[in-house]
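J.: What follows is a structure written as structure tokens; I'll ask about it next.
Bear in mind these aren't lab numbers, they're just calculated from the coordinates by the rules spelled out. Bear in mind the structure is a predicted one, so any value in this text is a computation, not a measurement. All Cβ positions, even for glycine, are placed from backbone atoms using ideal geometry, and neighbour counts span all protein chains on display.
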Amino acid sequence: MSVGVNTAIEVRDYTFRYPDSEEIVLDHCQFTLRYGEFVLLTGDSGSGKSTLIAAIIGSLTHADDDVQARPTDTQAGKIFIDGLDVTGESVSQRARLVSAVLQDADSQIVHTSVEDEIAFGCENLGMEPEEIGERVGRACALFGLERTWRTSALSGGQKQRLITAAALAMDRRILILDEPLANLDQAGAAALLRTLAGLAKDGYAILLAEHRIDAAAPYTDRIVRLDNERVHDNGSRIGVRDDRGQVRDDRGQARADRGQARADNDNAPLLSARGIGLTLGGRDIFRDISLEILRGERIVITGDNGSGKTMLLRTLARLQKPSCGEIVFACGVLRQYRRPSPAWFRSVGYVFQNPNVQLFMPSVLEEIAYGAKDADTARHYMELFGLSHLAERHPHSLSEGQKRLLTVAAVAAQEPQLLLLDEPTVGQDHAALQRLMDVLGGLNRDRTLSMIMVTHDQRCSGFAADQKIII
Amino acid sequence: MERFYVARPIYPPLCILFSFVMLLGGLLVSGRGVFPFLLIAMALIYLAFGYGWVLLKCLCVFVPLGLLVGFISYLLTGQETAAWQMAGRILLLGLCAVPTISMPPIFLTRSLAGLHCPRALTLGMLVTIRFFPILIREMRHILEAMRTRGVRVTMNPLVLYRAFLIPLTMRLVGISEILSLSIETRAFDLHEAEQTIYRPVRFTIRDGVFCTLLIVCVAGMIAGVVVWK
């Protein structure tokens, strides 16, 4: 059976399971991507999107001493790239045909400057220095990056832009992107999607795996859904619209609660920041920000990549000392020179952007139970967040989306008065996101838990925020 | 380390040679009268080649450290000369480190690539150098994260293992795995001969002047040893 001339990628009857596991991750997958097409690959968390991408770029195969990849007994079927059977080809050999943007941009950066990072792939492809310079310039302009910026000083969103820019600069005719919108602001995401759509019009083949269907779908030609280990490719966008909506809004209830909260608390804010600013290395990260939050209030903080959202949240959590201004918490001005105690973090829960650093116990149940007042409370929160079926699993064996949910559950189980969440929605499919927002909304109503959430996720714009702060 | 980088570093292999020769030569003459002049000559060369700021930062660390070690030496031996010599050796160590710590790793790897060193070596070196700041950053993040979970990381082996070593190991393994995959997906291949260098690092006239001063310093050391014999 031959592969069409216009076919960029063909996955033919591909099956995969991980070694030492009986669970089939991909079951007889059939999938075709043609040149000139922009295809959105979607599916629930853990449905196998990243595994399918890994199979295409070759990272599922085992390499022997000669750096030649070979198929294993855990997989079957064929993958063709640009008409070539790539069975036995290594990742770097396949990278000469396909550019790939992987998840976790932070861990992928090799060089210390933006310019060198973008140039790296071009150097490996043997491009002339003048051409590399032009490509670096174009990529920087497209993604709002400066050549001379230090990679260590970039925010999470800027790192995501950098890794995407580096892949685009390689200018392969086939592009695969795994959740590239995860940390991008609205403008950055729109710019990337417009660029990808433009490339598809120019004859490039684009495969985008993404949970943010609402943002991506308008730009794509076709949506492919991975479900129950199989690919459902109906050749159009019809049939997946149920996934495209935003999370449900409970704004009316929240506003009523807020009015009640204000009355109950006699207008005394739980936390009040007055004119706070932060300067690091001579650069203003943010300045002159004032906000206050009452018991039971919800605040959403948004802003462009690199605008200082995470640093603001860290400052409010006392993980970072502000350069100016003051923060008042419930019963007095915080003494800036004192380190926050464990008791402080029982009152102010903080969920990190990267869940991997906050998990340390041997099972999901013990992770939640660590900060909970008793075992029943731990079980209650585990059920609330829909993690009961993972109770005995090691936290580090979970998917990134599940880990993020677990850190929110573990911190919420400490029953703080104020919960600070840094990008909690990354990696969550629509159902998981809806559940997360429902649970947080429930905690907010039932326990008058105050929340400040940093997010780029437009799907959460319906999350009933009493205040929306844009920095 | 990035705060030490200079805009125009000296040709990297020359920096390494300079540091090595001056350290070896300096230790050999550290008991002689020429030694203070050698230290002054090194400082002047650094100032002339734009390393003044890095020199100042190094002196801020190595002068107090040298004085401390010298004082300990004095307490142990009771000899003032030996104490000054020990302080001078520590200062020499700091001065020899100036050109190497102020060199962005990419300069070193590109210059070695230009000398046809294997890419496995140059890229391995680059990733290794980059890994130290990543390690420090991850350690800091984990300690912070544990504080937010109400864990006080102490030297108690159980706490240290559970709340620090496990998250750190998992994180480092994850970073290593993703980093190596990222390098491969960007077409890095050990056996491919067609790679180019975006900004080749070449030996310039400025490097030649630096090299000449190195030779003058070595000649001065030899002459000094002969004169102060």
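J.: Once phi is turned into ³J(HN,Hα) by the Karplus curve 6.51 cos²θ - 1.76 cosθ + 1.60 with θ = phi - 60°, what whole-Hz value does each residue of segment A:356-366 show in order, with x for glycine and proline?
T.: Values, residue by residue: 4, 7, 9, 9, 8, 8, x, 8, 4, 4, 5 Hz.
J.: Starting from 0 in steps of 5 Å, tell me what percent of the Cα-Cα pairs of segment B:1-72 lands in each bin.
T.: Reading upward from the zero bin: 3, 13, 18, 28, 22, 11, 4, 1.
J.: In addition: Per q in 0.24 1/Å, what log10 I(q)/I(0) does a Debye calculation on the alpha-carbon atoms of segment A:78-135 return?
T.: Results for segment A:78-135 at q = 0.24 Å⁻¹ read -1.05.
J.: Round to a whole angstrom and tell me the spacing of the C-alpha centers of segment A:89-110 and segment A:361-379.
T.: The distance from the Cα centre of segment A:89-110 to that of segment A:361-379 comes to 38 Å.
J.: So what are the three principal axis dimensions of segment B:149-229 from its Cα atoms, in whole Å, longest to shortest?
T.: Taking the Cα atoms of segment B:149-229, the three principal extents are 64, 48, 22 Å.
J.: I need the semi-axes of the equivalent ellipsoid of segment A:143-235: take the C-alpha gyration tensor, multiply each eigenvalue by 5, square-root it, list largest first in whole angstrom.
T.: Computed over segment A:143-235, the values are 25, 15, 12 Å.
J.: To continue, here is another question. When all C-alpha to C-alpha distances in the protein assembly as shown are sorted into bins of 10 Å, what percent of pairs does each bin hold, rounded to whole numbers?
T.: Result returned by the calculation: 3, 13, 21, 23, 19, 13, 7, 3, 0, 0.
J.: Then there is this: Taking segment B:119-185, how much of its Cα-Cα pair set, in percent, is spaced more than 18 angstrom apart?
T.: Beyond 18 Å sits 46 percent of the P(r) for segment B:119-185.
J.: What percent antiparallel are the DSSP beta bridges of the protein assembly as shown, to the nearest 5?
T.: 50 percent
J.: If R₀ is 25 angstrom, what is the calculated FRET efficiency for the pair residue B:81 and residue B:20, using the beta carbon separation as r and rounding to 0.05?
T.: For residue B:81 and residue B:20, the calculated efficiency is 0.40.
J.: Among the helices of chain B (complete DSSP H runs), which have Cα atoms covering no less than 30 Å along the helix axis and a Kyte-Doolittle mean of at least 1.0?
T.: B:52-77, B:80-101, B:205-227
J.: Can you give the calculated 222 nm mean residue ellipticity of chain B, where each DSSP H run of n ≥ 4 adds -39,500 (n - 2.57) and the sum is split over every residue, rounded to the nearest 500 deg cm²/dmol?
T.: Taking each H run of at least 4 residues, the total per residue is -25000 deg cm²/dmol.
J.: Separate question: Sort A:300, A:411, B:159 so that the residue with the fewest other Cβ atoms within 10 Å of its own Cβ comes first and the one with the most comes last.
T.: Result, fewest neighbours first: B:159, A:300, A:411.
J.: Normalised by the residues of segment B:119-185, what does the relative contact order come to in percent, with Cα pairs under 8 Å and at least six apart?
T.: RCO, segment B:119-185: 26 percent.
J.: If you rank A:45, A:21, A:363, B:182 by fewest surrounding Cβ atoms within 10 Å, what's the result?
T.: A:21, A:363, A:45, B:182
J.: In chain B, once you exclude exposed chymotrypsin sites (Phe, Trp or Tyr not before Pro) (DSSP loop, at most 16 other Cβ within 10 angstrom), what's the longest stretch remaining?
T.: Value returned for the longest uninterrupted segment is B:1-202.
J.: At a threshold of 8 angstrom on Cα-Cα distance, excluding pairs fewer than six apart, so keeping six or more, what relative contact order does segment A:336-471 reach in percent?
T.: 28 percent
J.: List the relative contact order of chain B as a percent without decimals, with contacts defined as Cα pairs under 8 Å and 6+ residues apart.
T.: So the answer I get is 31 percent.
J.: If you don't mind, another one. Tell me which of B:125, B:153, B:173 sits at the most positive position along the dipole axis of segment B:119-185, charges placed on C-beta atoms (Lys, Arg +1; Asp, Glu -1).
T.: Ranked along the dipole, the leading option is B:153.
J.: Kirkwood Rh over Cα pairs of chain B into Stokes-Einstein at 4 °C, 1.567 mPa s: D in µm²/s?
T.: Result for D is 62 µm²/s.
J.: Further, regarding this structure: Go through B:198, B:49, B:25 and say which Cα lies farthest out towards the positive end of the charge dipole of chain B; charges sit on Cβ, +1 for Lys and Arg, -1 for Asp and Glu.
T.: The residue sitting farthest along the positive end of the dipole is B:49.
J.: How about segment B:1-99: which trypsin sites (Lys or Arg not before Pro) there lie in a loop by DSSP and see at most 15 other Cβ atoms within 10 Å?
T.: Passing both the DSSP loop test and the Cβ count: no residue.
J.: Next question. Using 10 Å bins from zero, what percent of all Cα-Cα pairs in segment A:128-196 falls into each bin?
T.: Using 10 Å bins, I get a P(r) of 19, 55, 24, 1 for segment A:128-196.
J.: Separate question: Can you list the GluC sites (Glu not before Pro) in segment A:290-332 that are in a DSSP coil and have 16 or fewer other beta carbons within 10 angstrom?
T.: Taking segment A:290-332 and a limit of 16 other Cβ atoms within 10 Å, no loop GluC sites (Glu not before Pro) are found.
J.: Translational D (Stokes-Einstein, µm²/s) of segment A:320-471 at 20 °C and 1.002 mPa s when Rh comes from the Kirkwood sum over C-alpha pairs?
T.: 132 µm²/s
J.: Ranking B:111, A:290, A:155 by Cβ neighbours within 10 Å, fewest first, what do you get?
T.: A:290, A:155, B:111
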